[in-house]
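Here's the structure we're looking at; comments come further down.
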Amino acid sequence: MRFILHHLADIETVLYDRIRRVISEHRQVIWAFDQDAWAARLDYGSAPLGISQRIFSAVRRRLSIRRVLTTRRAWHLEFVHSEIGVRTLRDEFEKVAWHNERHLAQIETHWRGVQPRPL
């Protein structure tokens, strides 16, 4: 579970960076990253969860504001993903939502299966 929580914080910052780049620097190449290497080499197993929670919350708020401020006229802005190819700003905003919903479902499934500890 802690790997998912740290991953959420890291990917949220990556996706936010991509969105800012697409808006400000049109049609640039955005490089993919190896999420498994990040988990292994960035100490997901021992890094404090509280810091990742604060990072995720802050970047999530900022992304939400950016989404509100970004008009539909900008959704067509393109970038080139190093593995997928041409994508749009709209694609990236939709990826943020899909990604978080997917992991939220994993977290909810996990906690439904956890038995409460006796007091």
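Summary table
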read-out: Estimated vicinal HN-Hα couplings, Hz - segment 80-93 in sequence order (Karplus 6.51, -1.76, 1.60; Gly, Pro = x); value: 10, 7, 4, 10, 9, x, 5, 9, 10, 4, 4, 3, 6, 4
read-out: Label of the coordinate-derived value, Kirkwood radius over Cα pairs in Å, listed as [x] 21.5; [y] 20.5; [z] 15.7; value: [z]
read-out: Residue-span extension gain [ALA40 to ARG73] - 0.36 nm each, minus C-alpha spacing; value: 7.9 nm
read-out: Estimated [θ] at 222 nm from DSSP helical runs (n ≥ 4, -39500 (n - 2.57)) normalised by residues in the chain, nearest 500; value: -22000 deg cm²/dmol
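Every read-out reported here was derived from the displayed coordinates using simple, explicitly stated rules and does not represent laboratory data. Bear in mind the structure is a predicted one, so any value in this text is a computation, not a measurement.
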